[in-house]
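To start, the structure under review is shown below, and the notes come after it.
Please treat every number below as a calculation from the coordinates, not as lab data. Keep in mind that this is a model prediction, so the values were computed, not measured. Here the Cβ positions follow ideal geometry from the backbone for every residue, glycine too, while neighbour counts run over all protein chains shown.
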Amino acid sequence: VDNKSYKLRLSVRNTIGLEKQLGKNPIGIFGKGDEIPTITTMVQILYASLQTYQHGITLDDAYDIFEKWLEEGHSMTDFLAVIIDVYKTSGILKADSKTEEKN
């Protein structure tokens, strides 16, 4: 985003904090597979996943990063793939063999 790379991962600590913010398990944001998370939820996930490797990033920074993501031509639904990748990298969802090879 904006010619910067960000490494995203949810640590156990950040996952628990995210659960508290969301009021549910992070997988619950998809409902029964028929829900799209709110923008608020997407930014909360982005913020929580930035904390592991980008120390000092604030919630306002996460809003700005998400805004730039959208300005670069991505859609909010494009961010769902990012969330899935973060969940796989973090062990929340089972990673496929291609993802496991990259890590």
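A convex hull fitted around the alpha carbon atoms of the chain yields 108 Å³ per residue.
Label reach from Leu93 (point 7 Å along Cα→C-beta): in region 32-72, amide nitrogens under 16 Å belong to 32-38, 42-43, 45-46, 49.
Take every Cα pair under 8 Å whose residues are at least 6 apart in sequence, average their separation, divide by the length of region 24-103, and the relative contact order is 22 percent. With a threshold of 21 Å on the Cα-Cα distance, the over-threshold entries among Lys32/Lys94; Lys7/Lys32; Lys32/Lys88 are Lys7/Lys32.
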